[in-house]
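*Asks:* Below: one structure in C-alpha cells.
The values are calculated or read from the model by the stated rules, or taken from the named source; none is laboratory data. Keep in mind the model is a prediction, meaning the values are calculated, not measured. Glycine also receives a Cβ, built like all others from the backbone with ideal geometry; neighbour counts cover every protein chain displayed. For the accessible areas, the whole protein counts, side chains as well, though only heavy atoms, and no ligand, DNA or RNA atoms are used. Shrake-Rupley method; radii C 1.70, N 1.55, O 1.52, S 1.80 Å.
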Amino acid sequence: ELKEIVFIIQSQSNSFHSKRAEDLKRDILKQAADLGKELPTVLLLHQMDGHEGAWTILPLMRDLSVTYGRNSSWIFFCEEDTRIHIVKLLETLGRFDGSKEWFLGKALYDEESTIIHHYAFAENPTVFKFPDFAAGWALSIPLVNKLAKKLRSEPLKSDFTIDLKHEIALYIWQKGEGPHLTPVPEFCTDDVNSYKADHCATTFSNFLPLCGEPVKKEDVFVAVKTCQKFHGDRIPVVKQTWEREAALIEYYSDYADISIPTVDLGVPNTDRGHCGKTFAILERFLYHSSPRTPWLVVVDDDTLISIFRLRKLLSCYDPKEPVFLGERYGYGLGTGGYSYITGGGGMVFSRVAVQKLLASKCRCYSMDAPDDMVLGMCFSGLGIPITHSPLFHQARPMDYPKDYLSHQIPVSFHKHWNIDPVKVYFTWLAPNTEESLNRKKAGYNREDL
C-alpha cells in the first residue's frame, strides 16, 4: 500500500532547493490522489530535524524507527530532481518481502580504488556496490529498526563525511554482517523522456540547472590561491584552460610575480591549511572589489573549473541571500559538528555571505588551519546553511563511477595527480563539450579518463 511508504526528499534549506523539493512533494501527493489512494507521508529532509547532520541520514534512523516502525513498510529516499512514477514504484517495491531486511537502489561501484573512499576494497573495488541517490533508494522497515538499535548501542563516530552514499552502504553492510545493496533496474537515472525510461519507476533529468539567463561574466570574481613553487607548473594550466572564461580573476600568492600577475597578500605560504590566505582574499573581495560584483569563487591553482557552467548554475541562486555553495563534506556530525564546502572543488560565496561572515568576527584559529573547515564552522555558528551541489568535485574524474558522472554536466574537478589536466579540462569542462558530453570531442574520449 502507498500509505506504507514514507518518502524522504533529500532537500536543502536554500530557497532554490527547498522550492524544488516542495514541487516534488506536490507531485508525489497529486499522483497518489489521482490513484484514489490514501496519501503517503512525504518529508523534506531539511525540515525534519534541527540537527546539523540530518543530511547524513543515519542520525535520523532512531526517529524514523520510533515514528514509522510499526505502520510502514519502506522508507524511500530521493533527491529533489528525482522523478517518481508512483504506480511503477509500488509494483517494484511489491516484488520484495517488506518483512525482511532490504537495501535497494541503483548500484554504483568504483572501477579502481580511490582516495575519496579511503582506498576501500583496494584489491577489487568493483565488488562493493553503493546507491546512486539520484535514482532513489529504499530501506525496509526491519532494516531501519535494526540500524536504529545499532545506533543506540554504538553512536556514530565523529569523523569525516566525504561521500555519503558510499559511507551509508558501508555502515549498512557492517563488514559483511549486514545486507549488501540489492540493485533494482527500475531505479533509473535516464531522462524521463528517454526511450530507455519506459520500465523505470524513477528517472532523473537535471544535468545542470538553469533558471533564466546565466549570470554575467562581470558578476563573478574568481580568486585563485597559489604560491611561488607552483607558478611554473600549475598556473600555465589555468591559463591554457579556463582563465579565458573569467572576466574578473586574480591570482593570490606569497610572491608578486608580474608575469602572471600574482598579488602578494602579505600572508606567508603554509604547508597545510590556508585559512589566513583565504580570509585575506575575502576581505579584499569585500573592501577592494566593485560592490556591484555579487559572486566570489575561491579555487586552488590545481582546480579545473567551468566558469561558463558556473554562471548558468548561479542563475538559480539569489545573490541577496547568504549563499555558500560547493561540494559538501561533514565533520563530527554524529556529535554536533558542522558541514563545510570542500575547498579543492571550488567555494562559491554571495557577497552577502562574505559580509555576514566578516561582520561576525569569526576567524582562523591559526594561519595554517584548514580554510574550508573554519569557514564551515563559522557559517554553522551564524546559522547560514551550506548549499551542496554534486557538480563540484574535490577529486579527479576517474575517482568517481562513470555511471554517476553520466547524469551530470560537471562544474569542477580537482588535482593534477597522474592525469593530463589540460586533456581533462577539454574532455569534461570546456564550453564546447556541453552538448556532446557522451561523444568524442576536442580529440579526446572521456571514457578514457
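*Asks:* In whole Hz, what ³J(HN,Hα) sequence does region 315-330 give by Karplus (6.51, -1.76, 1.60; θ = phi - 60°), x for Gly and Pro?
*Replies:* 4, 8, 10, 8, x, 7, 8, x, 10, 10, 10, x, 8, 8, 10, x
*Asks:* Per residue Cα convex hull volume for region 225-280, in cubic angstrom? Mind showing how you got there, number by number?
*Replies:* Details: hull volume 5.0 nm³, N = 56.
In region 225-280, the Cα hull volume divided by residue count equals 89 Å³.
*Asks:* May I ask you to compute the full-extension gain from TYR287 to ASP34, defined as 0.36 nm times their residue separation minus their alpha-carbon distance, rounded to one decimal in nm? Don't skip to the end; give the middle numbers.
*Replies:* On the way: separation 253, 0.36 × 253 = 91.08 nm, distance 5.55 nm.
The span from TYR287 to ASP34 would gain 85.5 nm if fully extended.
*Asks:* Which three extents, in angstrom, do the Cα atoms of region 2-204 have along their principal axes, listed largest first?
*Replies:* Extents along the principal axes, in whole Å: 49, 40, 38.
*Asks:* Isolated Cys in the chain by the 4.7 Å beta carbon test?
*Replies:* By the Cβ distance rule, which asks for a partner under 4.7 Å, the isolated cysteines are CYS78, CYS227.
*Asks:* Taking the Cα atoms of the chain, report the difference between the largest and smallest coordinate on each principal axis, in whole Å and largest first.
*Replies:* Principal axes ranked by extent give 68, 49, 46 Å for the Cα atoms.
*Asks:* Would you please give the residues with an amide H less than 5 Å from that of TRP102, counting only those at least 5 places away or on a separate chain, with H modeled from the backbone geometry?
*Replies:* Those qualifying (amide H under 5 Å, at least 5 residues apart or on another chain) are SER140, LEU143.
*Asks:* Before rounding to the nearest 500, sum -39500 (n - 2.57) across all DSSP H runs of length at least 4 in the chain and divide by the residue total; then give [θ] at 222 nm in deg cm²/dmol. All intermediate terms of the calculation are to be shown ahead of the outcome.
*Replies:* Numbers: 13 runs with 125 residues, N = 449.
Mean residue ellipticity at 222 nm (helix-derived): -8000 deg cm²/dmol.
*Asks:* Taking the full set of protein chains and a 1.4 angstrom probe, give the accessible area of ARG62 in square angstrom, rounded to the nearest 10.
*Replies:* Taking all protein chains as shown, ARG62 has close to 110 Å².
*Asks:* With a ≥ b ≥ c the root eigenvalues of the C-alpha gyration tensor of region 134-287, is it rounded (a/c under 1.5), prolate (a/b larger than b/c) or oblate?
*Replies:* Numbers: a/c = 3.14, a/b = 1.71, b/c = 1.84.
In terms of gyration-tensor shape, oblate.
*Asks:* State the Cα centre-to-centre distance between region 269-302 and region 14-47 in whole Å.
*Replies:* 39 Å
*Asks:* What distance in nm lies between label points placed 7 Å from Cα along the C-beta direction at GLU112 and GLU243?
*Replies:* Each label point is offset 7 Å from its Cα along the Cβ direction, giving 3.0 nm.
*Asks:* So, for the chain, what is the accessible surface per residue at a probe of 1.4 Å, expressed in square angstrom? Before the final figure, lay out each step's value.
*Replies:* On the way: 19030 Å² over 449 residues.
Normalised by residue count, the accessible surface of the chain is 42 Å².
*Asks:* What is the dipole size for region 170-284, taken about its Cα centre, with +1 at each Lys and Arg Cβ and -1 at each Asp and Glu Cβ, in debye to the nearest 20? If you can, show how the numbers build up before the last one.
*Replies:* On the way: 12 positive and 17 negative charges, 71 e Å.
Charge dipole, region 170-284, about its Cα centre: 340 debye, nearest 20.
*Asks:* If a/c stays under 1.5 just call it rounded; otherwise compare a/b with b/c (prolate if a/b is bigger, oblate if not). Do that for region 217-429, with a ≥ b ≥ c from the square roots of the Cα gyration tensor eigenvalues. Please report the intermediate quantities before stating the final value.
*Replies:* Values: a/c = 1.32, a/b = 1.09, b/c = 1.21.
Judged from the Cα gyration tensor, region 217-429 comes out rounded (a/c under 1.5).
*Asks:* Separate question: Please compute the modelled spin-label separation between LYS157 and GLU22, points set 7 Å along Cα→Cβ, answer in nm with one decimal.
*Replies:* The modelled label-to-label distance comes out at 4.0 nm.
*Asks:* Compute, for SER253, the solvent-accessible surface of its heavy atoms (probe 1.4 Å) with the complete set of protein chains present, and express it in square angstrom to the nearest 10.
*Replies:* The accessible area comes out at roughly 0 Å².
*Asks:* Right, something else. Using a/c under 1.5 as the rounded threshold, could you call region 9-86 rounded, prolate or oblate? The axes a ≥ b ≥ c are square roots of the C-alpha gyration tensor eigenvalues, and prolate needs a/b larger than b/c, oblate otherwise.
*Replies:* Details: a/c = 2.33, a/b = 1.14, b/c = 2.05.
Oblate.
*Asks:* Please find, in a Gaussian network model of the chain (springs between Cα atoms separated by less than 10 Å), the residue of HIS17, HIS416, HIS118 whose mean-square fluctuation is greatest.
*Replies:* Maximum fluctuation in the GNM of the chain, among the listed residues, is at HIS118.
*Asks:* Quick check for me: using +1 on Lys/Arg Cβ and -1 on Asp/Glu Cβ, what's the dipole size of the chain about its Cα centre, in debye to the nearest 20?
*Replies:* On the way: 51 positive and 58 negative charges, 125 e Å.
With Lys and Arg at +1 and Asp and Glu at -1, about 600 debye.
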